[in-house]
1. Starting from the 7 Å offset along Cα-to-Cβ, what nm value, one decimal, do you get for the label separation of residue 16 and residue 247?
2. If R0 is 25 Å, what FRET efficiency do you get for residue 193 and residue 25 from their C-beta distance, rounded to 0.05?
3. What shape does the range 86-245 take by its C-alpha gyration tensor, where a ≥ b ≥ c are the square roots of the eigenvalues and a/c under 1.5 counts as rounded, a/b above b/c as prolate, and the rest as oblate?
4. For the range 59-97 and the range 197-229, what is the separation of their C-alpha centers, rounded to whole Å?
5. For the chain, would you read off the P(r) tail past 38 Å as a percentage of all alpha carbon pairs?
6. May I ask you to compute the full-extension gain from residue 122 to residue 95, defined as 0.36 nm times their residue separation minus their alpha-carbon distance, rounded to one decimal in nm?
7. Between residue 67 and residue 146, what is 0.36 nm times their sequence separation minus the Cα-Cα distance? Round to one decimal in nm.
8. Give the peptides 57-64, 209-216 in descending order of average Cβ contacts within 10 Å, highest first.
């Protein structure tokens with residue numbers, strides 16, 4: 001059985017390096033927000049020298065007519081932020097109503113390894129860095145949009161060694177100091193489609209049933225990794241508790257722009273909007289371009305099993 005409720009945008013890929021107003025090697029893995037009637041993407045763009053910065057792109061319909069900033073929103077190499085010496089990568093965007101800011105979690109890459117950085121912005125045009133919130137080796141962090149008993153929560157994916165890479169959660173009273181770790185979603189077992197590693201995708205979406213989490217899962221075939229999308233549900237008031245999970249992936253590579261590129265067979269979800277009853281999933285394809293797929297929320301919820 002293969003789920004078919006995600007429908008790819010006919011304009012895919014919606015963004016490629018040819019759309020950038022400067023020379024670039026690849027554009028991928030966007031964070032997503034809506035502001036003043038526009039869709040805003042935070043793009044990871046790898047320069048021709050191999051380093052990644054984050055840029056913004058705006059579109060009235062979320063598909064075409066992208067206005068791409070020529071200057072970085074978050075730029076690697078600032079001497080005041082030495083843990084970003086080699087790159088700012090894979091942003092996720094969450095609006096915190098209590099703070100009146102968008103908060104951006106991203107991978108800060110340096111000779112010390114991959115860590116999780118946090119920045120914030122009022123206008124999605126200029127970023128204010130807060131600093132590292134998780135030390136190396138750690139990636140795929142995403143903030144929840146509200147507090148739980150007076151604490152913020154963030155998913156993240158530490159490397160536990162020996163090939164163990166599960167999704168964890170931590171809590172914070174101030175968005176700076178993080179603790180009370182819990183393993184939320186483990187890798188699949190044996191030959192499962194997500195048995196090599198898992199990592200959070202877009203920030204979790206609150207539903208009547210709990211927090212919908214879309215994540216990437218990885219399996220190895222003949223020495224090559226295949227990245228697919230899975231779905232899980234976290235408890236509404238205790239998000240460290242996993243209450244449901246789809247047994248199989250809900251979205252996988254099938255188009256040439258997903259199967260061929262710098263890293264073949266990759267769909268990597270990082271941006272999600274709920275527009276009416278429809279999910280708009282923005283993802284990186286083959287680590288080469290940015291694409292969009294949509295699905296009815298109810299169809300995704302229906303495949304979750306306790």
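Please treat every number below as a calculation from the coordinates, not as lab data. A quick note: this is a predicted structure, and the numbers were derived from the prediction, not measured. Cβ sites come from the backbone with ideal geometry, for glycine too, and all protein chains shown count toward neighbours.
1. Going by the 7 Å Cα→Cβ label model, 3.9 nm.
2. 0.30
3. On the way: a/c = 1.81, a/b = 1.26, b/c = 1.44.
The shape class here is oblate.
4. Each part's Cα centre sits 22 Å from the other's.
5. Working: 2313 of 46665 pairs.
Across the chain, Cα pairs with separations above 38 Å total 5 percent.
6. Working: separation 27, 0.36 × 27 = 9.72 nm, distance 0.95 nm.
Working it through step by step, the gained length comes to 8.8 nm.
7. Details: separation 79, 0.36 × 79 = 28.44 nm, distance 3.02 nm.
This chain segment gains 25.4 nm when fully extended.
8. Details: 57-64: 16.1, 209-216: 22.5.
With the highest mean Cβ count within 10 Å placed first, the list reads 209-216, 57-64.
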